[in-house]
Every structure is written in C-alpha cells, then in structure tokens.
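Asker: My questions all concern the structure below.
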Amino acid sequence: MTSEKASPVAVVMGSDSDKEVMESCIKQLVEFGIEPAVRIISAHRTPDVAAEFADSAAENGVKVIIAGAGMAAHLAGALAARTTLPVIGVPLNSGAGIGGMDALLSTVQMPPAVPVATVAIGKAGAKNAAILAVQILALGDQELQKKLADFKNKERAQVIEKDSALR
Ligand code: RP5
C-alpha cells in the first residue's frame with residue numbers, strides 16, 4: 001500500500017480494520033495499472049484530517065475518491081461535503097451483527113446536493129468501486145477504455161466457459 005502519493009485515485013478507509021476488505025479495491029485498481037494513494041482517515045475520530053484531505057484532494061491531483069467505512073459510515077459523505085470530486089462510497093460490514101446495513105444506509109442516504117455513488121456492501125462493492133473509478137477516469141483516457149473493454153470481455157468469456165462446463 002502507498003500513502004500520500006500523487007495518484008488519480010485515492011482510497012480512504014475509516015480504520016485499519018477495514019484494510020482486508022479494501023484490499024480488493026486496491027488490487028483491482030492495480031490490475032488496471034493504477035496505484036492508488038491509500039489513507040486511513042476517520043470521519044469521527046480524525047474529522048480534522050478528513051476535512052484537510054478533502055479540501056486538498058483536487059489540488060493534489062486526485063480525480064476520484066473511494067471511501068470505505070463501517071458502522072455509522074459518514075466518511076464518504078463527509079469527504080463529499082467538502083469537494084467537487086466524485087466520491088464513491090463502499091459500505092463495510094463492521095461485524096456489529098447487522099451485516100453492513102448500518103453502513104449501507106449511512107453511505108447511500110445522502111441529502112440532495114451532496115451525492116455519494118454507493119456500491120454494494122463489502123468485497124464485491126470494494127471491487128466495483130475500483131471499476132467505477134476506472135470507468136470515470138476512462139472518459140478521458142483511451143488506454144483505460146481499452147483495458148475496460150478487455151476486462152469486460154474476459155468476464156464474459158469466463159461465464160461462457162462455466163456455462164459450457166456445466167452443460
Ligand atoms: C468505522 O468503524 C470504521 O470504518 C470501521 O469499519 C468501524 C470500526 O472501526 P474500529 O473500531 O475497528 O477501528 O469508523
């Protein structure tokens with residue numbers, strides 16, 4: 001993992017206990033050739049750092065922010081409140097016994113004017129957050145568009161292969 005590095009994608013998580021799940025996001029970005037800047041920042045425990053990070057993200061070259069957090073997950077929203085960069089929120093299952101529904105609702109239910117593009121709970125969402133970030137960056141990057149097309153074709157081929165194996 002890297003930190004404080006100029007990268008078009010920043011992956012922020014609320015705690016080091018989120019690291020294992022958010023690794024799926026980081027790994028997927030790296031597969032697309034993007035080494036993200038990775039930070040642990042808590043909307044509740046380090047709100048000053050969250051504000052400073054959001055305020056300076058655009059000038060630091062960040063184009064998309066991915067924020068993963070569990071429980072009353074305000075991280076993505078708190079960052080989105082202070083930047084015009086797109087923010088993708090990954091709700092995490094903190095193990096509080098409600099399967100991540102707490103984080104899902106906290107992340108997705110943003111008020112009008114402050115959107116957070118919320119993906120699924122946990123690893124699947126973390127992976128999709130990376131793909132969505134790449135899709136956003138690919139709007140202005142033909143090389144990334146090609147990588148995305150190859151990725152989708154590979155996914156398609158795998159399903160066809162599994163279907164053939166089953167038949
Ligand atoms: C959230 O609370 C974090 O994102 C994490 O998912 C959860 C629990 O944090 P720890 O108590 O494990 O640091 O802020």
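Asker: What is the sum of charges around Ile88, taking Lys and Arg as +1, Asp and Glu as -1, for the other residues whose C-beta is under 12 Å from the C-beta of Ile88?
Answerer: It works out to a net charge of +2.
Asker: Now a separate question. Peptides 66-77, 48-59, 7-18: what's the order by average Cβ count within 10 Å, highest mean first?
Answerer: 66-77, 7-18, 48-59
Asker: Right, another one. So how many Å³ per residue does the convex hull of the Cα atoms of the stretch 1-128 work out to? Write down the numbers at each step before the final one.
Answerer: Values: hull volume 11.1 nm³, N = 128.
Hull volume over Cα atoms, normalised by residue count, gives 87 Å³.
Asker: Roughly speaking, to the nearest percent, how much of the chain's 1.4 Å accessible area is carbon and sulfur?
Answerer: On the chain, the fraction of accessible area on carbon and sulfur atoms equals 55 percent.
Asker: Between Val30 and Gln145, how many nm apart are label points set 7 Å from Cα along the C-beta direction?
Answerer: About 2.9 nm separates the two model spin labels.
Asker: Can I ask one more? Just report the Cα centroid separation between the stretch 92-167 and the stretch 40-67, whole Å.
Answerer: 21 Å
Asker: Between Thr46, Thr118, Thr83, find the one with the highest GNM mean-square fluctuation for the chain; connect C-alpha pairs within less than 10 Å.
Answerer: It is Thr46.
Asker: I've got another one for you. Summing +1 for each Lys or Arg and -1 for each Asp or Glu, what net charge is found among the other residues whose Cβ lies under 12 Å from the Cβ of Leu148?
Answerer: Every neighbour counted, the sum reads -1.
Asker: Between Ser17 and Val159, what is the label-point separation in nm under the 7 Å Cα-to-beta-carbon projection?
Answerer: Result: 3.6 nm between the two label points.
Asker: What does the charge count near Ile65 come to, summing +1 for each Lys or Arg and -1 for each Asp or Glu among other residues with Cβ under 11 Å from its Cβ?
Answerer: Value of the local net charge: +3.
Asker: Rounded to the nearest 500 deg cm²/dmol, what is the calculated helix-only ellipticity per residue at 222 nm for the chain, with -39500 (n - 2.57) per DSSP H run of length n ≥ 4?
Answerer: -15000 deg cm²/dmol
Asker: How high is the relative contact order of the chain, given as a whole-number percent (alpha carbon pairs under 8 Å, six or more residues apart)?
Answerer: This gives 21 percent for the chain.
The values are calculated or read from the model by the stated rules, or taken from the named source; none is laboratory data. The model shown is predicted, which means the values in this text are computed figures rather than measured ones. So basically every Cβ, Gly included, is an ideal-geometry build from the backbone, and we count neighbours across all protein chains shown. Surface areas here come from the heavy atoms of the whole protein model, side chains and all, with no ligands, DNA or RNA. Shrake-Rupley method; radii C 1.70, N 1.55, O 1.52, S 1.80 Å.
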